[in-house]
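Novice: One structure coming up, written as structure tokens, with questions to follow.
The values are calculated or read from the model by the stated rules, or taken from the named source; none is laboratory data. Computed from a predicted structure; not experimentally measured. All Cβ positions, glycine included, derive from the backbone under ideal geometry; neighbour counts span all protein chains shown.
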Amino acid sequence: MSEEITKNIDALLERLDAGERLGFYECDRFVDHIPAFTEKHSVEETRNFLEFIGSPDKNMHIIHVAGTNGKGSVCNYLSEILRQAGLSVGMFTSPHLTKVTERFCINGKPIEDSIFCEIFGDLIRKIREYKSESYFPTYFEFLFFMGMLLYEKYPVDYLVLETGLGGRLDATNSIHNPVLDVITEIGMDHMQYLGNTISRIAGEKAGIIRKDTPLVFYNKRDESTEVIEKRAEELSAKTYRVDPEVVSEINTAPDDAGNICIDFSYESQYDKYCGLRLQTIAKFQTENAAIAIMCTRALRDMGVNITDDDISYGLKKAKWGGRMELILPGIYVDGAHNVDGMEAFLECAGEVPCDKKRILLFGAVADKQYHLMIRQILQKGLFDVICVSVLETGRSVSESQLRAAFESEMRYADESRNIRFSYYTSVRDALMDIITDRGAGDVVYAAGSLYLVGQVRETLGIMPGN
């Protein structure tokens, strides 16, 4: 540990020992500054510290979820189904949209600020007791360890645990014995860490597969399926394969309040359901719902009592922020941040009724394929106005880079469409101009990054779940 971070911890512990309670914003600020002091550790180092704090995961029923796209949605759908079955459920996901407590849910609700501070205090005490001069958790590792201590102190029947960046080398892969492994769609993302082919990325994601632990996975691409099935066979892991064909009869329909929903049917070799409903306009979410349904089949085979009604009601009730989400009339936000995600977003955006102009607010982080996403946007020819903004994160693409990217990709734009471009250094300024200039019948979309979704929601004063 650096001298500065050691002093900070000692000062916080001195206050805790004196009976003082830490405030949420100082705990949150401490966590936010962690990236300046640390580097990623090996899974072995992470597991060593997890064992030092008592291996709390060994007493948990963990469902471990990896993949490129849809992880959070699958976690959310499955959690709601389990809750409908009368089970208490924890959910650890990332990233958060507006507040770090969103990463830690118990029975569908983010934890209270006071609990966050309580667990934060428990963890920094453990870190100080570890007495390692060279070890301090990274930002994600720190939050993962907080999750382990949280769900030990506030136990749940099942913990749905989402990986961070990868699988094999992910901090969450330090857990010992999950009851179920899940791999969602595999696509091209984080190539600088995971490899530049579908097969290599699939190999990294397949690193979560454990010996004799059942596996649910989505069969979208032959290259990834081959890698996943081979690894599962090597580890004698029973596989539950979700084929795209299990979903059919997808239609949009209004609910009782007039909100657009998705109705669909599901049929696999195990189960058949008709008239399922999701509270979203995004048809791609039927794939993630199908994965969650297959997870219930695997759990049923283990003896967990989950009824058909639990599945139907759980899916209907589930809401997941930032995924083609209508946050205000005529304003949609979507966390699409890679090529596959952008393709799905553009398909959904084109199906939203629009009487006048379509307006896009776009922002991205530098380690994503933002050039290719921009090309997709321009090729689609959907938007009349494109507002481009720098994000409030050190990972953001700069304004000059965004300008250069759009200018270089303009050759893919529909020449018949006269697109109006605007560039901004803050999401708040961009959004205020959009809302001010927006006419009746215009539809506004924000896409390109989950950071963008969070900043739009924060600017509008909308917290997830509202």
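Novice: Can you say whether L215 is of a type in the set (A, V, I, L, M, F, W, C), modelled with pLDDT of 95 or more and either farther than 30 Å from N59 by Cβ or in contact with a Pro (Cβ under 8 Å, 6 or more places away or on another chain) (or both), as far as the supplied structure shows?
Specialist: Answer is no for this residue.
Novice: Across the stretch 396-425, what is the number of residues that are modelled with pLDDT of 90 or more and among the acidic types (D, E)?
Specialist: Residues that pass the stated criteria total 3.
Novice: Let me spell it out: the conditions are (1) free of Cβ contacts under 8 Å to residues at least 60 places away in the same chain; (2) part of a loop (DSSP other than H, G, I, E, B), and P155 meets all of them except one. Which number is the exception?
Specialist: (1)
Novice: Which ones in the stretch 333-358 are under 20 Å from D384 (Cβ atoms) and not aliphatic (A, V, I, L, M)?
Specialist: Of everything in the stretch 333-358, those that are under 20 Å from D384 (Cβ atoms) and not aliphatic (A, V, I, L, M) turn out to be D334, F345, E347, C348, G350, E351, P353, C354, D355, K356, K357, R358.
Novice: Moving on to the next point. For the stretch 267-289, how many residues meet the condition of being in a strand (DSSP E or B) and under 17 Å from N76 (Cβ atoms)?
Specialist: The total comes to 3.
Novice: Sticking with this structure for a sec: Is there a residue in the stretch 434-442 that is surrounded by 23 or more Cβ atoms within 10 Å (Cβ to Cβ) and within 19 Å of T98 (Cβ to Cβ)?
Specialist: Within the stretch 434-442 (the criterion being surrounded by 23 or more Cβ atoms within 10 Å (Cβ to Cβ) and within 19 Å of T98 (Cβ to Cβ)), the answer is no, since none of the residues qualifies.
Novice: If a residue must be within 30 Å of R277 (Cα to Cα) and surrounded by 13 or more Cβ atoms within 10 Å (Cβ to Cβ), how many such residues does the stretch 229-243 contain?
Specialist: Residues in the stretch 229-243 being within 30 Å of R277 (Cα to Cα) and surrounded by 13 or more Cβ atoms within 10 Å (Cβ to Cβ): 5 in total.
Novice: Considering each of L161, L169 in turn, give the residue that is among the hydrophobic types (A, V, I, L, M, F, W, C), surrounded by fewer than 20 Cβ atoms within 10 Å (Cβ to Cβ) and farther than 30 Å from D10 by Cβ.
Specialist: Going through L161, L169 in turn, the sole match is L169.
Novice: Taking the criterion of being surrounded by 19 or more Cβ atoms within 10 Å (Cβ to Cβ) and of a type in the set (S, T, Y), would at least one residue in the stretch 48-59 satisfy it?
Specialist: For the stretch 48-59, residues surrounded by 19 or more Cβ atoms within 10 Å (Cβ to Cβ) and of a type in the set (S, T, Y): absent.
Novice: Now for a different question. Is the stretch 76-95 home to any residue that is in contact (Cβ under 8 Å) with a residue 40 or more places away in the chain and in contact with a Pro (Cβ under 6 Å, 6 or more places away or on another chain)?
Specialist: Checking the stretch 76-95: not a single residue is in contact (Cβ under 8 Å) with a residue 40 or more places away in the chain and in contact with a Pro (Cβ under 6 Å, 6 or more places away or on another chain).
Okay, residues lined up against (1) assigned to a loop (DSSP other than H, G, I, E, B); (2) within 25 Å of the chain's Cα centre (by Cα); (3) in contact (Cβ under 8 Å) with a residue 60 or more places away in the chain; (4) within 23 Å of A282 (Cα to Cα):
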{"site": "R403", "(1), (2), (3), (4)": "no, no, no, no"}
{"site": "S408", "(1), (2), (3), (4)": "no, no, no, no"}
{"site": "R411", "(1), (2), (3), (4)": "no, no, no, no"}
{"site": "N418", "(1), (2), (3), (4)": "yes, no, no, no"}
{"site": "Y423", "(1), (2), (3), (4)": "no, no, no, no"}
{"site": "A440", "(1), (2), (3), (4)": "yes, no, yes, no"}
{"site": "I462", "(1), (2), (3), (4)": "yes, yes, yes, yes"}
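Novice: Would you check if G321 is touching a Lys or Arg at 6+ places or on another chain (Cβ under 8 Å), under 24 Å from A257 (Cβ atoms) and in a loop (DSSP other than H, G, I, E, B)?
Specialist: yes
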